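> Below are the structure tokens for one structure; questions will follow.
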Amino acid sequence: MKIAFVGKGGSGKTTLSSLFIRHLAANEAPVVAVDADINQHLGAALGLDEEEALALPAMGAHLPLIKEYLRGSNPRIASAETMIKTTPPGTGSRLLKVREDNPVYDACARPVQLDDGVIRLMATGPFAESDLGVACYHSKVGAVELFLNHLVDGPDEFVVVDMTAGSDSFASGMFTRFDMTFLVAEPTRKGVSVYRQYREYARDFGISLKVVGNKVQGEDDFEFLRTEVGDDLLVAVGHSDWVRSMEKGRPPRFELLEATNRLALQALQDAAEDSYERRDWERYTRQMVHFHLKNAESWGNAKTGADLAAQVDPAFVLGEHAPVPQPS
């Protein structure tokens, strides 16, 4: 299942996503973690030192390889150059799975050893000085969107994406790619403002959205969040000595995380698993096509010089039983 962590800058979404990833690994679940934030901090939150975090390959730098591999033998895609971030898979496209080895993982993923297992970590890549004035960060995140569009994941597998802060993911259709979106909110007016944006934008797309209260210091903070977000409030997380040690680069073993916070992480996992039971592959594919056609008309056709609407395979539905051609 695909899970997004979103929230305003400084809300603690990267910290909470890293805790959730550690929790899943402790439960022996296969995990692919993706740092899709413009500020690349997920690696450090998972225990990498600065040198290791900087050595993570940037997915955006491997976009030509990703496109070439994913298009496979799809006759509707003439070349990798005509693929854009929203290009959907079709008959002949290569699909990705969480537990396989493939050239995309070889180029873009690195194993990270946690206390209780190994996860795969991928990173969009930082916004470099050479990008200033000539590129937007959405072009970097395009590699993540293509990855998600071609991913066939099962109910006992987890893809956890630490999204860019605020509501930037609505600049594309990527916000519809997830079974569950956890919005991390502090008990302040600013803390819930991004929630209101997400709720409004996601209303017409069947998005499963739950709020995780962070930095909650008492009953008054909890009641504030409950009043502001209602039943969308799933759980609240308070102060953690374990997290303070982790942020200093000296995390204890994960089994020593406070019991209340471990229960909160289990509540997140339970909510994610419940959301997967409602997954509708046909709607998922239909939304993918919807945003591809919008992007094709607004900028994609002009940029590639091709009719990108012709890339849509009307008979294809992404799903666990979709045919996966093998590399030649």
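The values are calculated or read from the model by the stated rules, or taken from the named source; none is laboratory data. Predicted model, so just to flag it, every value in this text is computed and none were measured. Heads up, the Cβs are rebuilt from the backbone with ideal geometry, glycines too, and the neighbour counts pull from every protein chain shown. Side chains included, ligands, DNA and RNA excluded: accessible areas come from the protein's heavy atoms. Shrake-Rupley method; radii C 1.70, N 1.55, O 1.52, S 1.80 Å.
> Give me the dipole magnitude in Debye, nearest 20, for the chain about the Cα centre, with unit charges on the beta carbon: positive for Lys and Arg, negative for Asp and Glu. Working shown, then result.
Values: 34 positive and 47 negative charges, 150 e Å.
Roughly 720 debye, rounded to the nearest 20.
> Same structure again: So how tilted is helix 137-149 from the main axis of the chain? Cα-based, degrees 0 to 90, rounded to 10.
Roughly 80 degrees between the two axes.
> Hey, another quick one. What is the Cα radius of gyration of segment 1-103 over 2.2 N^0.38 Å, N being its residue count? Working shown, then result.
Values: Rg = 16.3 Å, N = 103, 2.2 N^0.38 = 12.8 Å.
Segment 1-103 yields a ratio of 1.28.
> Mind giving me the FRET efficiency for Glu100 and Arg189? R0 is 45 Å, r the Cβ-Cβ distance, nearest 0.05 is fine. Provide the component values of the computation, followed by the final result.
Values: r = 45 Å, r/R0 = 1.00.
Computed FRET efficiency for Glu100 and Arg189: 0.50.
> So, one more: State the extension gain, in nm to one decimal, for the chain segment bounded by Asn27 and Glu258, taking 0.36 nm per residue of separation less the distance between their alpha-carbons. Show your work: numbers first, answer last.
Numbers: separation 231, 0.36 × 231 = 83.16 nm, distance 1.63 nm.
Answer, rounded to one decimal: 81.5 nm.
> Straight-line reach only, C-alpha to C-alpha below 14 angstrom: list the aspartates and glutamates that Lys8 could link to, leaving out same-chain residues fewer than 8 apart.
Candidates past the 8-residue exclusion: Asp37, Asp162, Asp168, Glu186.
> Of all accessible surface on the chain at a 1.4 Å probe, what whole percent is carbon and sulfur?
Values: 7310 of 14650 Å².
C and S fraction of accessible area: 50 percent.
> Mind checking the full-extension length gain between His41 and Thr227? Use 0.36 nm per residue of separation minus the Cα-Cα distance, one decimal, nm. Please list the in-between numbers first.
Working: separation 186, 0.36 × 186 = 66.96 nm, distance 3.13 nm.
Taking His41 through Thr227 to full extension adds about 63.8 nm, to one decimal.
> log10 I(q)/I(0), Debye, Cα-only the chain, no solvent, q = 0.06, 0.08 Å⁻¹?
With one equal scatterer per Cα and no solvent, log10 I(q)/I(0) is -0.20, -0.35.
> For a label point 7 Å from the Cα of Glu51 along Cα→C-beta, name the residues of segment 90-110 whose backbone N is under 17 Å from it.
Nothing falls inside the zone, counting backbone N under 17 Å.
> Return one whole number: the accessible area per residue of the chain in Å², for a 1.4 Å probe. Let's see the in-between values first.
On the way: 14650 Å² over 328 residues.
Ligands and nucleic acids excluded, the result is 45 Å² per residue.
> Express in nm, to one decimal, how much length is gained between His321 and Glu68 on full extension, taking 0.36 nm for each residue of separation and deducting their alpha carbon distance. Write out the running numbers ahead of the final one.
Working: separation 253, 0.36 × 253 = 91.08 nm, distance 2.26 nm.
Between His321 and Glu68, full extension yields 88.8 nm more.
> By DSSP, what percent of the beta bridges with both residues in the chain are antiparallel, rounded to the nearest 5? The partial results should precede the final answer.
Details: 6 of 34 bridges.
Roughly 20 percent of the beta bridges in the chain run antiparallel, per DSSP.
> Report Rg(Cα)/(2.2 N^0.38 Å) for segment 221-312, keeping two decimals. Write down the numbers at each step before the final one.
On the way: Rg = 21.8 Å, N = 92, 2.2 N^0.38 = 12.3 Å.
For segment 221-312, the normalised Cα radius of gyration comes out at 1.78.
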